[in-house]
Amino acid sequence: MRRRALLQSLGTAAALATTGLAGCMGSSDAQTSVFDREAPAPTGVGTGWQSPRLDARNSARAGVPGPGNAPGVAWQGTVENARFRHEPMAFGDTVLVPSVRESRLLAFDARDGSVRWERDLESASGPVTVHDGTVLCPDGHRLQAFREESQQWVEPFAGEVTGVTAVDGTAYVATADGSPALYALAVDDGSVDWQRETGLLEAPPAVADGQVIVGDMSGLVRAFDVETGEDRWQHAVRDDWLQASVVVAGDTVYAASGTRELERGHVYALGLDGDEYWERELGSSVMASPAVGSDRLFVVDAAGTLHALDAAGGSTQWEFTTGDDGTASLVGGQRRYSPAVCNGLVYYVGADQQLRAIETDAERPDVRWSATHDFTTAPVVAGQHLFVGARDELVVLGRPASS
């Protein structure tokens with residue numbers, strides 16, 4: 001099935017989805033005045049968050065302090081006619097985020113929210129990746145590379161570029177609706193080292209243990225040799241497709257799947273050789289990429305329910321849902337459900353478009369704080385700050401000076 005037809009079928013299923021969801025609303029979902037508090041702006045965030053799911057393994061687990069238990073607003077940057085759907089990248093004193101409306105790449109100054117530069121795109125088809133100072137920007141059926149605002153090269157592809165993971169000078173590029181679908185490129189000049197056919201790829205690959213690992217829309221988890229692109233192994237799932245990024249933690253590969261009707265999904269734990277350790281069925285498909293904690297895996301399903309699963313065995317530790325029907329806004333917006341883990345908290349944007357911070361290791365979902373806004377991207381964490389898009393705004397939260 002071609003990508004456009006598949007997304008249309010998912011949209012039809014979303015419109016028919018029911019709104020009744022079982023789940024725990026959390027032990028304390030009281031509103032806090034996040035937008036009434038002020039926080040210092042970043043002076044710099046170091047290496048920050050430079051890949052769509054933080055690192056080559058797609059862990060989305062940041063080893064930094066984060067904004068803490070009572071954050072405030074450092075700054076809000078509004079851009080006329082922008083629409084942010086892909087997560088920001090924050091590093092040094094720069095924040096990069098593509099706008100899907102009037103397609104363009106915007107570079108903000110992390111210290112004050114001013115726009116340093118912007119570049120026109122044909123189509124902002126995925127989040128950017130930064131590797132050794134080179135910005136790799138998905139742009140429809142091509143990948144653009146920038147250093148600062150200067151374009152370095154452009155490489156065309158048969159399919160739309162949906163995500164990039166870069167390791168040791170090589171960019172592994174996922175594309176949808178094209179053949180081949182997976183490519184390895186040299187970051188310095190864009191030359192293609194190898195390419196392989198897979199099903200449609202909707203998320204960046206994971207790179208670990210000398211392998212490039214992807215989940216495709218034909219229902220296969222596939223692994224390839226990083227140097228040659230040769231097949232290593234593949235694992236078929238019970239459902240129709242895999243849209244979320246594959247995650248690697250230690251020697252375990254986690255993959256999440258779904259169906260065209262969105263009525264069920266599964267989470268799988270595999271070995272680095274493709275052998276299955278466990279699987280867990282969920283009541284709805286999974287379209288957002290998971291995040292890993294110390295001993296838990298955090299997965300958000302198509303209805304917006306956050307599941308905390310035991311990473312070793314797959315059992316449910318707790319679930320959190322806002323009670324809203326998340327499927328109505330899935331197509332084109334499902335990435336915003338992807339959680340991020342930092343310093344004992346899991347951050348995620350729910351079906352009600354609120355941002356919440358929930359304790360990772362509690363016995364039940366303990367909401368430490370929530371922020372009401374029209375959030376439209378997944379959150380990322382760098383240094384003592386959290387970065388998230390809200391329609392035409394980039395919002396930065398941080399620790400108040402007194403905390």
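The values are calculated or read from the model by the stated rules, or taken from the named source; none is laboratory data. Model, not experiment: these values are computed from the prediction. A quick note on method: Cβ atoms are made from the backbone with ideal geometry, for glycine too, and the neighbour counts reach across all protein chains shown.
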* Residue, farthest from Ala181 (Cα to Cα), within segment 205-240, restricted to residues that are surrounded by fewer than 19 Cβ atoms within 10 Å (Cβ to Cβ) and of a type in the set (A, V, I, L, M) -> Ala236
* Asked: Among (1) over 20 Å from Val248 (Cα atoms); (2) buried (at least 20 other Cβ atoms within 10 Å of the Cβ); (3) of a type outside the set (Gly, Ala, Ser), which single condition is Val154 missing?
  -> (2)
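Results for (1) closer than 30 Å to Asp36 by Cβ; (2) aliphatic (A, V, I, L, M); (3) modelled with pLDDT of 95 or more, shown as yes or no for each residue.
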| site | (1), (2), (3) |
| --- | --- |
| Trp49 | yes, no, yes |
| Asp55 | no, no, yes |
| Gly63 | yes, no, yes |
| Pro67 | yes, no, yes |
| Ala90 | yes, yes, yes |
| Val97 | yes, yes, yes |
| Arg116 | yes, no, yes |
| Thr129 | no, no, yes |
* Which ones in segment 50-100 are more than 13 Å from His385 (Cβ to Cβ), charged (D, E, K, R), surrounded by fewer than 21 Cβ atoms within 10 Å (Cβ to Cβ) and touching a strand residue (DSSP E or B) at 6+ places or on another chain (Cβ under 7 Å)? -> Arg83
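Within segment 150-171, which residues are hydrophobic (A, V, I, L, M, F, W, C) and under 20 Å from the mean Cα position of the chain (by Cα)? Reasoning before the result, please.
Taking segment 150-171 first, the residues hydrophobic (A, V, I, L, M, F, W, C) are 153-154, 157-158, 161, 164, 166-167, 171.
Val161, Val164, Ala166, Val167, Ala171, listed by residue number.
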* Just name the residue that is nearest to the chain's Cα centre (by Cα) out of those in segment 172-195 that are modelled with pLDDT under 95 and of a type in the set (Gly, Ala, Ser). => Gly178
* Asked: Within the bounds of segment 161-175, is there any residue that is in a loop (DSSP other than H, G, I, E, B) and touching a residue at least 60 places away in the same chain (Cβ under 8 Å)?
  -> no
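Do you know which residues across segment 306-332 are of a type outside the set (A, V, I, L, M, F, W, C) and either modelled with pLDDT of 95 or more or closer than 23 Å to Ala62 by Cβ (or both)? Steps first, please.
So in segment 306-332, the residues of a type outside the set (A, V, I, L, M, F, W, C) come out as 307, 310, 313-317, 319, 321-327, 329, 332.
Scanning segment 306-332 gives His307, Asp310, Gly313, Gly314, Ser315, Thr316, Gln317, Glu319.
Please work out if Pro138 is under 20 Å from the mean Cα position of the chain (by Cα), surrounded by 18 or more Cβ atoms within 10 Å (Cβ to Cβ) and under 24 Å from Tyr337 (Cβ atoms). Working first, answer last.
Numbers: under 20 Å from the mean Cα position of the chain (by Cα): yes; surrounded by 18 or more Cβ atoms within 10 Å (Cβ to Cβ): yes; under 24 Å from Tyr337 (Cβ atoms): yes.
Here the answer is yes, as Pro138 does meet what is asked.
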* To do: State whether the residues of segment 107-121 include one that is within 23 Å of Val207 (Cβ to Cβ), without any contact (Cβ under 8 Å) to a residue 60 or more places away in the chain and not hydrophobic (A, V, I, L, M, F, W, C).
  => no
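Considering only segment 353-403, give the strands (runs of 3 or more DSSP E) lying wholly within it that have at least 2 residues that are on the phi < 0 side of the Ramachandran plot and over 17 Å from the mean Cα position of the chain (by Cα).
On the way: elements: 355-359, 367-371, 380-382, 385-390, 393-398.
The strands (runs of 3 or more DSSP E) meeting that bar are 355-359, 367-371, 393-398.
If I filter segment 302-320 down to residues being out of contact with any Gly (no Cβ under 6 Å at 6 or more places or on another chain) and not small (Gly, Ala, Ser), which single residue comes out as surrounded by the fewest Cβ atoms within 10 Å (Cβ to Cβ)?
If we filter segment 302-320 for residues that are out of contact with any Gly (no Cβ under 6 Å at 6 or more places or on another chain), which is where we start, we get 302, 306-318.
Imposing the further condition that a residue be not small (Gly, Ala, Ser) reduces the set to 306-307, 309-310, 316-318.
Details: Leu306: 24, His307: 26, Leu309: 24, Asp310: 15, Thr316: 11, Gln317: 20, Trp318: 20.
Taking the candidates together, the pick is Thr316.
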* Output the residues belonging to segment 115-150 that are under 15 Å from Pro88 (Cα atoms) and part of a loop (DSSP other than H, G, I, E, B). => Ala124, Ser125, Gly126, Pro127, Val128
* Asked: Taking segment 100-158, which residues are of a type in the set (Asp, Glu) and within 21 Å of Asp189 (Cα to Cα)?
  -> Asp120, Glu122, Asp132, Asp139, Glu148, Glu149, Glu155
